Amino acid sequence: MRTLDTYIGIEPFAVLVDNSPQLSRLAGKARKLKSLLFPERLGAVKSLALGAMVNAYEGMMQAPEVGIPEIDSDGELRMTQGNLEEISQFEDIVFNRHPLSYALEKKAGCCRYQSALFFVLGYEADLGDKHFIQVAPVNPRVNTAFNEVIQGGQSHLVSIFRESLKDQSLDYARQNPRLFEHAFKKLPGCDFFSYHRAHSGLVLVSNPSSHVEQL
């Protein structure tokens, strides 16, 4: 176990949390939520995370639209812009490793970026007694990252990925409603990140292969 002075530099599930103007602005907004009661604060932090980026997985699953030939005012043939470039950008975000700043700049992210952002904003908002970035298997080839916030001994599971979906047919939890109850207890080769409330305030923690449940 290692205690951390800052979340800048952590890399939960291949997303480096780095400094950016967008993150600084969101963190400032999150700090203003500290006076809210827990239910309202939880909802407000969700809203910040949801407003920061669209669901890149949903974006890459949209139907491709190629450009349509049109005649412009000068009688020249030109192609209207399709959405293939946009889909390609979404695929890049989902399948490749980028820092959080990149997702915030592009205003798009999948579960990895969304869970990292929610964790940071939760920390800034002083949300919960404990907060874990979790990961669970969707199928043998695909995992999903999400957040677990503990308040007063009660677990609150948060998937910004699910809440950001407009097309509910893409919600993989519909086929497995208990998906988020089966987070990995151990994942060799991965660092796990959490924060815990102590007398001095929230303590950021990293641990190899598994979560630190108690300080």
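Per-residue 3J(HN,Hα) values for region 120-133, derived from phi via the Karplus relation 6.51 cos²θ - 1.76 cosθ + 1.60 with θ = phi - 60°, read 4, 5, x, 4, 5, 8, 6, 8, x, 7, 9, 8, 10, 8 Hz in sequence order (x marks Gly and Pro). A simple spin-label model places pseudo-atoms 7 Å from Cα toward Cβ; at Arg178 and Phe38 they are separated by 2.5 nm. Computed over the chain with a Gaussian network model linking Cα atoms closer than 10 Å, the most mobile of Ala116, Ala145, Ala173 is Ala173.
The HN-Hα couplings worked out from phi for region 140-148 by the Karplus form 6.51 cos²θ - 1.76 cosθ + 1.60 (θ = phi - 60°) are x, 10, 10, 10, 10, 9, 7, 10, 10 Hz, whole numbers, x standing for Gly and Pro. With a Cα cut-off of under 18 Å and a minimum spacing of 8 residues unless on different chains, the lysine pairs in the chain number 10. Counting only alpha carbon atoms, the long axis of helix 21-31 and the longest principal axis of the chain meet at about 40°.
In this structure the amide hydrogen of Asn143, modeled in the peptide plane, comes within under 5 Å of the amide hydrogens of Val138, none closer than 5 places in sequence on its chain.
Helix 38-52 and the longest principal axis of the Cα set of the chain meet at an angle near 30°. Compared with the dominant Cα axis of the chain, that is its longest principal axis, helix 84-95 is turned about 20°. Adding -39500 (n - 2.57) for every DSSP H run of four residues or longer, then dividing by how many residues the chain holds, sets the calculated 222 nm ellipticity at -9000 deg cm²/dmol. Phi-derived couplings, Karplus 6.51 cos²θ - 1.76 cosθ + 1.60 at θ = phi - 60°, listed residue by residue for region 193-199: 10, 7, 10, 9, 7, 10, 4 Hz, with x used for Gly and Pro.
Rule-based calculations on the coordinates, nothing more; no lab input. Treat the numbers as computed from the prediction; the structure is a model and nothing was measured. Don't worry about glycine lacking a Cβ; one is built from the backbone with ideal geometry, like all the others, and counts go over all protein chains shown.
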